[in-house]
Amino acid sequence: MINRSNTVRAARKGGYQHSDYVRTESFELVVKEIYKKGIKGNTAELGVFRGEFAQYINAAFPDRKCYLFDTFDGFDANEALRELKSGNCTDAFVQAYKQTNLVAVMKRMRYLDNIVIKQGYFPKSLEGLEETFCFVSLDVDFEDSIYEGLKYFYPRMEQGGYIFVHDYNSDLRGVEKAVDRYEVDIGKALYRMPLCDANGTLVIIKG
């Protein structure tokens, strides 16, 4: 039997996620619930950056596909400009997220055969993908991208599945706006719980 907590801890290789105890420990508990309840579906992260959280997803779900959506080259220039003009981020922030590449991300992954790379701008990078999911991480920082992520993934979550929306309670104000906007669109409140982690993750449970 795989000790999933130890597997996730062993995947930690430094970076800012290494010190985000609340987020990673909460993730471990969510993984435990998914397996305990027999929730089916694959996993995904939209907004991978350097793979620091994606490595935990891959390590914790050795029997599931892990779809990684990212440009691996920074933000969409038009969306970044809109967020800059709205005062939701700084130019330094935008430039920093160009410092990644696919090779570095893949070096962090434990179960390489489970990784499915979807490189490009979301949602174009979907290319007709139809899957169901038990766990998804949305970490794309900006309003429109978070909104598009919810719009695609939430209907495809298995009952009882979890979405982690990173930066919900942070200086990236577009993230919270995106969640509120999606609730208006579907005409109901999501089952949600905020975490007190480093960047204010919001946990959404598919009810």
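Hey, could you check the range 149-171 for residues that are within 15 Å of the chain's Cα centre (by Cα) and over 23 Å from E28 (Cα atoms) and say which is surrounded by the most Cβ atoms within 10 Å (Cβ to Cβ)? Ranking the candidates gives Y152 first. Looking across the range 110-161, just one residue is hydroxyl-bearing (S, T, Y), under 12 Å from F69 (Cα atoms) and part of a loop (DSSP other than H, G, I, E, B), and that is Y121. Taken over the range 112-136, residues that are surrounded by 14 or more Cβ atoms within 10 Å (Cβ to Cβ), out of contact with any helix residue (DSSP H, G or I) (no Cβ under 8 Å at 6 or more places or on another chain) and more than 22 Å from G74 (Cβ to Cβ) amount to 1. Sub-8 Å Cβ pairs linking a first residue in the range 115-143 that is more than 22 Å from N88 (Cβ to Cβ) to a second residue that is aliphatic (A, V, I, L, M) and part of a loop (DSSP other than H, G, I, E, B), at least 6 apart or interchain, are I115/M109; K118/L129; C134/I39, ordered by first then second residue.
Here the condition is being among the hydrophobic types (A, V, I, L, M, F, W, C), surrounded by fewer than 21 Cβ atoms within 10 Å (Cβ to Cβ) and touching a Cys at 6+ places or on another chain (Cβ under 9 Å); of M109, M193, it holds for M109 alone.
The residue of the range 64-82 that is modelled with the lowest pLDDT, among those that are surrounded by 15 or more Cβ atoms within 10 Å (Cβ to Cβ) and among the aliphatic types (A, V, I, L, M), is A80.
The values are calculated or read from the model by the stated rules, or taken from the named source; none is laboratory data. Treat the numbers as computed from the prediction; the structure is a model and nothing was measured. Every residue, glycine as well, gets a Cβ built from its backbone with ideal geometry; the counts of neighbours run over all protein chains shown.
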